[in-house]
Every structure is written in structure tokens, then in C-alpha cells.
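Since the structure comes first, as C-alpha cells, the remarks are kept for the end.
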Amino acid sequence: MSDQHPGDRIELRGLSAVGYHGVFDHERRDGQTFVVDIVLSVDLEPAATSGDLSRTVHYGELAEQVHAIITGDPVDLIETLALRIVSVCLGHEPVRWASVTVHKPEAPIEVAFTDVTVTMERSKL
């Protein structure tokens with residue numbers, strides 16, 4: 001366990017929504033499914049011992065925030081989408097470190113593939 005990201009984690013996996021992100025006109029017009037996986041480093045002991053939701057991350061609220069980013073203003077790159085999401089994650093008080101993976105399984109690639117992902121990790125200073 002390091003100071004940057006200790007062992008306690010909250011994970012939110014497989015959050016999906018249709019977004020209109022991409023560099024091609026048809027991506028912005030037709031949209032596609034984006035799937036997001038989030039791992040948060042949070043000291044869970046204060047919430048666990050007190051039973052106080054305010055001492056942890058309300059993952060339902062976080063899911064709604066991420067959904068709003070996916071379905072919100074279009075961006076060219078999934079890297080930008082990942083940065084927006086990781087920034088929202090770090091905005092939650094108890095979060096020390098966050099890892100966000102954005103999946104774009106319907107990316108406009110001409111050869112067979114199963115997924116394209118971008119992962120961004122950030123910590124509070």
C-alpha cells in the first residue's frame with residue numbers, strides 16, 4: 001500500500017450510455033455506446049465505522065455525474081472524455097486517487113476488434 005493509492009477502493013464498472021463523441025461527422029450524428037470503469041482510492045474506515053454516507057463516495061451520484069458527461073457536450077477524443085470523468089471523480093472529497101477507463105467498443109475501425117480503451121489515472125496533490 002502506498003500513500004498515493006492505498007488498498008481501500010470503490011469500483012464502478014460497466015457504466016454505459018450513448019454519447020456523440022468522435023472526430024468523424026457520423027460519430028457526432030449517430031452516436032455510439034461508451035462504457036466506463038472507475039476505480040477510486042478512498043479510506044473506507046471512517047464510513048465503515050460511523051455508517052455515515054457523507055464520509056465515503058455516493059456511487060449513485062457519481063454514476064449520474066459520469067452519465068451526464070457521456071451524454072453531454074461532444075468531444076473529439078475519448079482521452080478528453082476520460083479527463084472530464086477523472087476530474088469529477090477527484091472532486092469527491094474522500095477520493096485520493098482515481099483510475100478511469102473509457103471503452104469505445106463501436107469505434108470506427110475497419111478491421112476486427114473487440115474494444116478500444118483509454119485509461120487515465122490521477123491523484124490529488
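The values are calculated or read from the model by the stated rules, or taken from the named source; none is laboratory data. Keep in mind that this is a model prediction, so the values were computed, not measured. Cβ atoms come from the backbone with ideal geometry, glycine included; neighbour counts cover every protein chain shown.
Given the structure, is Thr119 under 23 Å from Gly7 (Cβ atoms), under 10 Å from the mean Cα position of the chain (by Cα) and surrounded by fewer than 16 Cβ atoms within 10 Å (Cβ to Cβ)? Full working, then the answer.
Working: under 23 Å from Gly7 (Cβ atoms): yes; under 10 Å from the mean Cα position of the chain (by Cα): yes; surrounded by fewer than 16 Cβ atoms within 10 Å (Cβ to Cβ): yes.
Against the criterion (under 23 Å from Gly7 (Cβ atoms), under 10 Å from the mean Cα position of the chain (by Cα) and surrounded by fewer than 16 Cβ atoms within 10 Å (Cβ to Cβ)), Thr119 qualifies.
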Going through the range 41-59 in order, the residues found to be assigned to a helix (DSSP H, G or I) and among the hydroxyl-bearing types (Ser, Thr, Tyr) are Thr49, Ser50, Ser54, Tyr59
Just one listed residue, out of Thr56, Thr71, is among the polar types (S, T, N, Q), in contact (Cβ under 8 Å) with a residue 40 or more places away in the chain and buried (at least 18 other Cβ atoms within 10 Å of the Cβ), and it is Thr56
Worksheet item: Is it the case that the range 90-101 has a residue that's out of contact with any strand residue (DSSP E or B) (no Cβ under 9 Å at 6 or more places or on another chain), modelled with pLDDT of 95 or more, under 13 Å from Leu12 (Cβ atoms) and surrounded by 14 or more Cβ atoms within 10 Å (Cβ to Cβ)?
Response: no
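Any idea which residue in the range 1-15 is surrounded by the most Cβ atoms within 10 Å (Cβ to Cβ), counting only those that are in contact (Cβ under 8 Å) with a residue 40 or more places away in the chain and not in a strand (DSSP E or B)? Walk me through it before giving the result.
Let us first name the residues in the range 1-15 that are in contact (Cβ under 8 Å) with a residue 40 or more places away in the chain, namely 4-6, 10, 12, 15.
Now drop any that are not not in a strand (DSSP E or B), which leaves 4-6.
On the way: Gln4: 11, His5: 18, Pro6: 14.
Taking the candidates together, the pick is His5.
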Of the conditions (1) more than 21 Å from Thr114 (Cα to Cα); (2) among the β-branched types (Val, Ile, Thr); (3) surrounded by 11 or more Cβ atoms within 10 Å (Cβ to Cβ), the single one that Ile78 does not satisfy is (1)
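Taking the conditions exactly as written (part of a helix (DSSP H, G or I) and at pLDDT below 95), does Glu27 satisfy them or not? Let's see the steps before the verdict.
Numbers: part of a helix (DSSP H, G or I): yes; at pLDDT below 95: yes.
So Glu27 fits the description; yes.
Which one of Leu125, Leu62, Leu81 is at pLDDT 95 or above, outside any strand (DSSP E or B) and over 19 Å from Arg9 (Cβ atoms)?
Only one candidate qualifies: Leu81.
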Q) Any residue in the range 89-98 that is touching a helix residue (DSSP H, G or I) at 6+ places or on another chain (Cβ under 9 Å) and under 14 Å from Gly19 (Cβ atoms)? A) no
In the range 93-119, residues that are farther than 21 Å from Arg29 by Cα and either touching a Ser or Thr at 6+ places or on another chain (Cβ under 9 Å) or among the aliphatic types (A, V, I, L, M) (or both) total 14
#### Entry: Condition check for Glu110: charged (D, E, K, R), free of Cβ contacts under 8 Å to residues at least 12 places away in the same chain and on the phi < 0 side of the Ramachandran plot
yes
Within the range 16-39, restricting to residues that are within 14 Å of Val116 (Cα to Cα) and among the polar types (S, T, N, Q), the one that is surrounded by the most Cβ atoms within 10 Å (Cβ to Cβ) is Gln32
